[in-house]
Structures are given as structure tokens and as C-alpha cells.
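Asks: I have a structure I would like to understand better, so I am pasting it below and will then ask my questions one at a time.
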Amino acid sequence: MYYGADYNPEQWPESVWPEDIVRMREAGVNMVTLGVFAWSRIQPDEDTFDFEWLDRIIELLHDAGIAVDLATATASPPPWATAKYPEILPADENGAAYWPGSRQHYSPSSPAYRRLASRLVTRLVERYAKHPAVVMWHVNNEYGCHLPQDFSDSARDAFRKWLRERYESVDALNEAWGTWFWSQRYTSFEEIYPPRRAPYSHNPCQLLDFRRFTSDAMLDCFRMEKSIIRAAGATQPVTTNFMGPFKPANYWQWASELDVISDDCYPDPNDPESFRTSAFARDLMRSLKPDTPWVLMEQSTSALNWRPSNAPKAPGQMAALSIQAVARGADGVMFFQWRQSRAGAEKFHSAMLPHAGTGTRTWSEVVQLGADLGSLPQLPAGAMDARVAIVVDWENWWAVENPDHPVEFDYLAQVQRWYGVFHRQNIQVDFVHPSAALDHYQLVVAPHLYLLRSADAANLAGFVDDGGHLLVTAFSDVVDENDQFRPGGYLTQLGSVLGVALEDFGALVPPGSSGPGRKSARVRFEEEAFNGTYFAEQIQTAGAEVLARFTSGYNEGAPALTRNHAGAGQAWYLATVPDSSGLGLLIGQVLDAAGVKPVLSNLPESVEAIQRGNVLTVINHDDVPAAIDMSGTDLLAGEAVDKVHLGPFGFAFIAGHAGPPNYSAAS
Ligand code: GAL
């Protein structure tokens with residue numbers, strides 16, 4: 001179990017370093033991420049490298065038994081680099097440069113940036129590849145953070161090259177992009193630009209391809225650095241820090257290139273529900289590389305600096321959120337950063353060692369958490385045994401949020417709502433790509449799978465055929481991978497397994513917007529009713545039974561929820577986006593049918609329960625104590641219990657809980 005933080009010793013006089021080391025040991029720190037933003041310190045000008053300070057701090061850490069996750073420092077080019085090679089700078093949609101003076105001001109496509117970055121990494125790994133203190137390599141930092149897309153000339157050139165490789169001929173590109181529309185026919189790749197500011201809507205496939213290209217361009221930078229690390233003979237695992245569900249980078253694609261997944265996660269202490277979004281991020285990280293523990297690479301000990309209001313964490317909250325990561329598959333709990341900065345934009349950002357010193361609540365909680373993590377039982381990797389999977393696909397995310405659709409909605413927010421219903425009920429969930437092996441799951445939920453490749457549709461249909469329960473929601477199976485309609489209407493691939501046909505999307509005015517028009521459609525579901533939002537699709541059954549109907553609007557009396565028995569399984573279709581009461585009702589029924597159960601029931605709203613192997617972790621995310629009836633062995637207290645008392649933000653690890661399993665035979 002790693003415990004530590006980003007460590008930026010270059011911000012401090014060397015006389016402070018010995019005290020850092022003493023305090024790190026006191027806190028139980030066993031790994032630090034070193035040098036994330038140290039490029040200008042390591043390479044003060046193009047021809048000078050200064051590693052001596054880095055040698056000294058690595059030796060100090062090593063002598064103290066503290067391992068190093070060595071950063072490659074390529075995320076913030078020094079002023080000399082951008083002054084000499086201004087083509088490094090990225091540009092916005094208008095072609096205007098993002099200037100130096102902050103960080104992350106580089107175009108991933110810039111040959112000059114790549115050349116300078118490779119030189120830096122080459123020198124760094126030559127020196128430290130075999131250093132016994134270095135246990136991990138931390139490539140760059142948060143690829144895409146601050147600058148989700150770069151529209152510079154470097155990006156233009158690289159985008160053309162990328163398109164040439166993807167399509168081989170400009171005719172193939174014209175076909176994929178549907179360029180007879182609006183006279184967009186290209187005669188050469190040289191005529192193509194990134195989707196810079198234009199009078200009106202861009203070609204949707206151009207937007208989609210630019211998203212693909214952007215993710216690939218950043219991934220190429222990662223690959224470039226990783227290959228330099230490997231070429232130097234370094235054998236340590238290589239990572240780069242992800243940012244939870246981050247739209248610009250297709251993490252499914254990235255995950256296979258990382259040896260260890262690591263994540264930065266900053267839930268807002270002002271939001272009492274933020275522990276659910278952090279749970280979502282943790283489950284996503286675990287799902288990206290099942291069976292391999294991931295590392296919580298950054299979180300805060302308390303307040304941040306970058307929200308309009310930066311509340312401190314409540315007493316105990318830092319530990320509760322850290323334990324949440326461990327319970328959901330992490331084998332490392334790290335912070336940004338070790339010692340609070342004295343200067344710079346982040347000087348109000350909390351740290352393990354606060355500016356106010358060691359007499360603080362933060363410091364005592366840091367020391368306590370270090371001790372707790374040190375005495376934790378070994379939890380088996382990847383043993384969460386989730387029976388529910390939620391389909392997440394970055395390409396779909398990009399396409400479904402393209403402009404000019406029946407109604408705008410936030411894909412991630414909807415996926416998080418589905419996750420939230422399961423999380424509230426302590427049902428364990430994995431995330432899957434639509435092409436993933438699904439045979440382990442009893443229920444697969446595919447929210448708004450607008451872009452659906454044929455092979456993935458076949459995979460989902462096969463899952464039903466083999467006895468699974470599939471729930472597909474509105475605005476799914478609409479386009480192919482080029483964001484074009486398929487011949488034959490909508491639901492052309494899943495219609496037969498769902499037993500429905502779709503005629504119209506029935507767009508509603510998004511909830512919360514002030515314009516005129518219908519915001520919801522009433523739906524009758526057994527003895528209850530709920531509101532449907534965003535879509536009130538006009539569907540007809542083609543074999544499916546109707547479980548709920550719209551009771552208002554143009555399609556009054558038409559089906560809103562259907563179920564089709566297909567092969568050995570069942571396929572459900574939901575023609576709207578239910579409000580929260582509707583979500584609860586519906587999921588209750590689907591879970592019953594699929595035979596999936598919570599790991600623990602009847603818990604207070606603020607308590608989550610997670611099963612990893614034979615250990616149940618219960619965490620209270622509120623300042624009100626909670627008591628839970630459950631028996632087993634409390635692993636931290638080392639005693640048998642038949643009731644677990646959780647203080648404010650308290651947690652417990654219970655082994656051998658004799659409860660029912662979290663699934664049964666599907667009905
Ligand atoms: C992250 C970043 C860190 C630090 C932190 C502050 O995005 O990787 O360097 O800036 O945010 O919360």
C-alpha cells in the first residue's frame with residue numbers, strides 16, 4: 001500500500017529537505033511522486049542539465065526508505081523553450097495561442113515539443129533507470145487537463161497525417177464524413193483543418209475524428225515517453241495520472257498502455273453527495289484494468305484552490321474518501337501535495353504538511369491515516385464480483401454530445417445517475433466497453449448508446465441470447481462509427497433483440513431550462529407514475545411486452561418501457577429518461593428480474609458498503625454516527641462484532657460477514 005504525495009522539493013531551500021524526510025517518516029509516507037513540474041529546474045537552458053539536486057533528494061529519500069515515483073516533468077515547458085520555439089504553444093478554436101505563464105501550454109502535436117520532451121526524458125532515464133529508489137515512472141501529468149483540444153498549426157498538420165492513416169484516400173474520408181452535404185467535398189488532405197471557428201455547425205464526423213485524433217495525439221506523447229523509459233532498460237511500472245471520467249482522452253484505449261492505472265480525484269467537500277461521484281471514478285479506474293490494483297495518485301487533504309469556494313474537508317472525511325478508494329480496488333493513497341506551497345497559484349491548496357504546521361488537524365489526520373493504512377488487511381485485487389455492468393464508450397460520449405441533435409444532454413451526468421441508483425443500494429458495478437466479455441454479468445445497462453458499432457451490437461445481443469438482462473435507454477443505436485444513420489431507420493441493430501421499433505425521438509425541453517415547450521412526459525408504471533425527461537420516444541412493439549406507457553403528450557398510450565424475451569435472456573428498452581423516482585422504480589424491477597442483490601441492505605443513506613474478496617468495508621460519509629447490524633470480525637479492532645458502530649466519517653473492515661450472496665439465479 002503506497003502512501004504519500006507529489007513532492008516538489010525544488011520549491012524549497014535544501015535546508016528544508018531533511019525536515020521533510022523526518023516528517024514523511026512520522027506520517028508513514030513510503031512513496032513520493034517527484035519532479036512533476038521540475039523541467040526548468042532540471043534543464044535550466046537548452047544545453048544544461050542539472051541532476052545534482054535530484055540525486056541528492058533521491059538519496060535522502062532512499063536512505064529514509066521512501067520510494068520514488070519519478071515524474072518525467074514534461075507537462076510544463078520552461079520559458080526558454082517556448083521563447084525559442086513558440087510553435088510549441090497550443091491554440092484555441094480561433095487560432096489564438098495559449099501563452100506561457102501557467103502550465104500545460106504545449107501542443108501535443110508539436111514536433112519541437114516532442115523533441116525537447118524526448119531529450120529531457122532520455123537524460124532523466126539514463127540517470128535513474130536502475131536507481132533502487134525509483135519504483136514507478138510518472139509520465140507527464142494529467143494529459144488534456146486545462147486544454148482538452150488544441151487547434152494550432154501543429155495540430156492541423158498532425159490531424160491531416162492522422163486522417164491520411166485512417167482513411168488512406170481522400171475519397172474514403174469524403175464517404176465517411178458525408179461531404180456532399182453543404183459542398184464540403186475535399187480533393188486533398190491538405191484542404192482539411194481542425195474544426196476551428198466557423199460560421200455554423202461543423203461536419204459531425206469531422207468533430208468526432210478530431211476528438212479521436214486529440215486522444216491519440218496525447219496517447220502518442222505517452223507512448224513516446226514510455227518507449228524511451230523502456231529503451232533505457234528501466235523495468236519499473238509506468239503510469240500517467242488519469243482524471244476520472246475525462247472526456248478528451250479515451251481511457252479504454254489508454255488503459256492497455258499503462259502498467260498501473262492511477263487517478264486524481266477531488267470531490268467537493270461542499271457537496272454531500274460527492275462521495276458517489278468519487279465512488280464512480282474509483283469503480284471506473286478499477287474497471288479500466290480489472291484484476292490490477294490502481295493508485296489514487298492525487299487527492300487533497302482538505303481545501304483546494306480552484307473552486308469558487310474551497311471548503312475544508314470535515315474531520316475524518318479525508319480518511320473516509322481514502323478508504324473508499326482502497327475498498328474499490330486501490331493499493332495506493334497519495335495526495336497533491338506533500339508540503340503546502342509558499343508561492344504560486346496553489347498556495348491556498350491544502351497539503352499533507354500544512355503551511356500552519358504540525359499542530360493542525362490536517363497533520364494529525366495525515367499521521368493517523370498513514371498508521372491505519374499501514375495496519376490494513378491485504379485486500380484481494382479485483383475481487384469485487386460485480387454482477388452489474390454499465391456500458392461506457394468514449395467514442396459514443398463524443399458523438400452523442402455533438403451539436404444539432406434532437407435535444408442536448410450531458411452523457412456523463414446520465415451515466416452517473418444510473419450508477420448513483422446502484423450505489424445508493426450498495427449494488428456493485430463495473431464499467432465496460434461495449435465490446436467487453438459480458439458473461440460474468442447478470443445485468444448490463446447501456447445508457448444512450450447513440451453510436452453503436454455492429455460488432456458491439458452483436459456482443460450485446462449475444463449477452464441477452466446467453467441469458468443476460470440488457471437495459472437499453474433512449475437515443476441508442478442511432479448511428480454508425482462515422483456518425484451516419486444506417487439504412488432502415490433507427491434501432492437497426494438492437495431492434496430485434498429488444499422487440500421494438502423506433503419512429504421518433506420525441507424531444508422534450510431539458511429540465512431546468514427556461515424556454516417554452518414540454519419538459520416532461522408522464523409515465524404510468526404498474527401502480528405508480530413518474531416523469532420522463534429529454535425524450536418521449538415514439539416506439540412500437542415488435543414482440544416485446546409493454547411494462548409502462550406514456551400517459552400524456554403526443555404519444556399518450558404508447559409504450560415507454562418494454563421487455564422482450566430473447567434467447568435465454570431479456571432485453572429492456574426505456575424510451576425516456578426517468579426522474580429519480582422513476583429510476584428507483586425501474587431499477588428495482590430490473591434488479592429483481594436479473595437476480596442481483598445489494599452487498600448489504602437497509603443502510604443509512606450516507607453509508608456505503610463494498611465487498612472486496614471476503615472483506616466488507618463500510619464507510620460513513622456523514623458527520624452523524626451510524627450503527628449497522630452485521631456480524632463478522634472487525635479487522636482493525638481485531639474482534640468479533642454483531643453490530644458495527646461508525647463514528648462521523650468512520651469506517652470498518654469486516655471479514656466473514658455471514659450474509660446472503662449479492663446475486664441469485666435470474667428469474
Ligand atoms: C491536479 C494537478 C496537480 C495540482 C492539483 C491541485 O490537477 O495534477 O498538479 O495542480 O490538481 O488540485
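Asks: In segment 135-150, what residues are crowded, with 20+ Cβ neighbours inside 10 Å, in contact with a strand residue (DSSP E or B) (Cβ under 9 Å, 6 or more places away or on another chain) and not acidic (Asp, Glu)?
Replies: Answer for segment 135-150, where residues must be crowded, with 20+ Cβ neighbours inside 10 Å, in contact with a strand residue (DSSP E or B) (Cβ under 9 Å, 6 or more places away or on another chain) and not acidic (Asp, Glu): MET136, TRP137, HIS138, VAL139, ASN140, ASN141, TYR143.
Asks: Considering (1) open to solvent by 50 Å² or more (accessible area, probe 1.4 Å); (2) closer than 24 Å to ASP622 by Cα; (3) not acidic (Asp, Glu), say which one SER322 fails and leave the rest.
Replies: SER322 satisfies all of (1) open to solvent by 50 Å² or more (accessible area, probe 1.4 Å); (2) closer than 24 Å to ASP622 by Cα; (3) not acidic (Asp, Glu) except (1).
Asks: Could you list, in sequence order, the residues of segment 248-270 that are within 14 Å of the chain's Cα centre (by Cα), in a loop (DSSP other than H, G, I, E, B) and among the small types (Gly, Ala, Ser)? Walk me through it before giving the result.
Replies: Residues of segment 248-270 within 14 Å of the chain's Cα centre (by Cα): 248-255, 261-267.
Subsequent filtering for residues that are in a loop (DSSP other than H, G, I, E, B) retains 248-250, 261, 265-267.
The answer is ALA249, and nothing else.
Yes/no per residue for (1) hydrophobic (A, V, I, L, M, F, W, C); (2) under 22 Å from the mean Cα position of the chain (by Cα):
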| site | (1), (2) |
| --- | --- |
| TYR419 | no, yes |
| VAL429 | yes, yes |
| GLN442 | no, no |
| LEU452 | yes, yes |
| PHE475 | yes, no |
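Asks: Check off (1) within 16 Å of the ligand (Cβ to nearest atom); (2) on the phi > 0 side of the Ramachandran plot; (3) in contact with a Pro (Cβ under 9 Å, 6 or more places away or on another chain) for ASP385 and give me the number that stays unchecked.
Replies: Answer for ASP385: the failing condition is (1).
Asks: Quick one: which residue in ASP623, ASP592 is acidic (Asp, Glu) and farther than 26 Å from LEU494 by Cβ?
Replies: Details: ASP592 fails: farther than 26 Å from LEU494 by Cβ.
Result of the check over ASP623, ASP592: ASP623.
Asks: What number of residues within segment 168-183 satisfy the criterion of being closer than 13 Å to GLN484 by Cβ and part of a loop (DSSP other than H, G, I, E, B)?
Replies: Counting residues in segment 168-183 that are closer than 13 Å to GLN484 by Cβ and part of a loop (DSSP other than H, G, I, E, B) gives 3.
Asks: Which number in (1) in a loop (DSSP other than H, G, I, E, B); (2) surrounded by 21 or more Cβ atoms within 10 Å (Cβ to Cβ) marks the one condition that TYR186 misses?
Replies: The single condition TYR186 does not satisfy is (2).
Asks: Can you pull out every residue in segment 13-42 that is hydrophobic (A, V, I, L, M, F, W, C) and more than 16 Å from the ligand (Cβ to nearest atom)? Walk me through it before giving the result.
Replies: Applying the first criterion (hydrophobic (A, V, I, L, M, F, W, C)) to segment 13-42 yields 16-17, 21-22, 24, 27, 29, 31-32, 34, 36-39, 42.
The answer is VAL16, TRP17, ILE21, VAL22, MET24, ALA27, VAL29, MET31, ILE42.
Asks: Could you check segment 271-381 for helices (runs of 4 or more DSSP H) lying wholly inside it with 3 or more residues that are within 16 Å of the ligand (Cβ to nearest atom)? Give the derivation first.
Replies: Details: elements: 274-288, 317-327, 361-374.
Fully inside segment 271-381 and qualifying: 274-288, 317-327.
Asks: Separate question: Which residue pairs have Cβ atoms closer than 6 Å, lie 6 or more positions apart in sequence or on different chains, and pair a first residue in segment 137-161 that is at pLDDT 95 or above with a second residue that is within 16 Å of the ligand (Cβ to nearest atom) and among the acidic types (Asp, Glu)?
Replies: Once the first residue is at pLDDT 95 or above and sits in segment 137-161, its partners that are within 16 Å of the ligand (Cβ to nearest atom) and among the acidic types (Asp, Glu) give HIS138/ASP69.
Asks: Same structure again: Being open to solvent by 40 Å² or more (accessible area, probe 1.4 Å) and touching a Ser or Thr at 6+ places or on another chain (Cβ under 8 Å) is the filter here, so list the residues in segment 464-492 that pass it.
Replies: Correct list: ARG486 only.
The rows are residues; the columns are (1) more than 16 Å from the chain's Cα centre (by Cα); (2) open to solvent by less than 30 Å² (accessible area, probe 1.4 Å); (3) of a type in the set (Ser, Thr, Tyr).
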position: LEU379; (1), (2), (3): yes, yes, no
position: ARG387; (1), (2), (3): yes, no, no
position: TRP397; (1), (2), (3): no, yes, no
position: PRO406; (1), (2), (3): yes, no, no
position: HIS433; (1), (2), (3): no, no, no
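Asks: Could you tell me which of the residues ARG518, ARG549, ARG522 is at pLDDT below 95, in contact with a Gly (Cβ under 9 Å, 6 or more places away or on another chain) and surrounded by fewer than 21 Cβ atoms within 10 Å (Cβ to Cβ)?
Replies: ARG518
One line per residue, one yes/no per condition, for (1) outside the structural domain of GLY638 (by TED's automatic domain parsing); (2) free of Cβ contacts under 8 Å to residues at least 24 places away in the same chain; (3) among the hydroxyl-bearing types (Ser, Thr, Tyr):
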| position | (1), (2), (3) |
| --- | --- |
| ARG339 | yes, no, no |
| ARG342 | yes, no, no |
| HIS355 | yes, yes, no |
| THR360 | yes, yes, yes |
| VAL367 | yes, no, no |
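Asks: Is it the case that segment 193-211 has a residue that's open to solvent by less than 40 Å² (accessible area, probe 1.4 Å), in contact (Cβ under 8 Å) with a residue 60 or more places away in the chain, of a type in the set (S, T, N, Q) and not in a loop (DSSP other than H, G, I, E, B)?
Replies: For segment 193-211, residues open to solvent by less than 40 Å² (accessible area, probe 1.4 Å), in contact (Cβ under 8 Å) with a residue 60 or more places away in the chain, of a type in the set (S, T, N, Q) and not in a loop (DSSP other than H, G, I, E, B): absent.
Asks: Could you list, in sequence order, all residues of segment 231-247 that are within 19 Å of SER118 (Cα to Cα) and either among the aromatic types (Phe, Trp, Tyr) or assigned to a loop (DSSP other than H, G, I, E, B) (or both)?
Replies: Those that are within 19 Å of SER118 (Cα to Cα) and either among the aromatic types (Phe, Trp, Tyr) or assigned to a loop (DSSP other than H, G, I, E, B) (or both): ALA232, GLY233, ALA234, THR235, GLN236, PRO237, THR240.
Asks: Could you list, in sequence order, all residues of segment 113-128 that are open to solvent by less than 10 Å² (accessible area, probe 1.4 Å) and not hydroxyl-bearing (Ser, Thr, Tyr)? Explain how you work it out, then say what you get.
Replies: Going through segment 113-128, the residues open to solvent by less than 10 Å² (accessible area, probe 1.4 Å) turn out to be 113, 116-117, 120-121, 124-125, 128.
Result: LEU116, ALA117, LEU120, VAL121, LEU124, VAL125.
Asks: Any residue at all in segment 160-170 that is hydroxyl-bearing (Ser, Thr, Tyr) and more than 16 Å from the ligand (Cβ to nearest atom)?
Replies: The initial filter retains those residues of segment 160-170 that are hydroxyl-bearing (Ser, Thr, Tyr), namely 167, 169.
Next cut, more than 16 Å from the ligand (Cβ to nearest atom) only: 167, 169.
Taking every residue of segment 160-170 in turn, at least one turns out to be hydroxyl-bearing (Ser, Thr, Tyr) and more than 16 Å from the ligand (Cβ to nearest atom).
The values are calculated or read from the model by the stated rules, or taken from the named source; none is laboratory data. Keep in mind that what you see is a predicted model, and the values were worked out from it rather than measured. Here the Cβ is made from the backbone with ideal geometry for all residues, glycine too, and neighbour counts use every protein chain on show. Quick note on the areas: whole protein, heavy atoms, side chains included, nothing else; ligands and nucleic acids left out. Shrake-Rupley method; radii C 1.70, N 1.55, O 1.52, S 1.80 Å.
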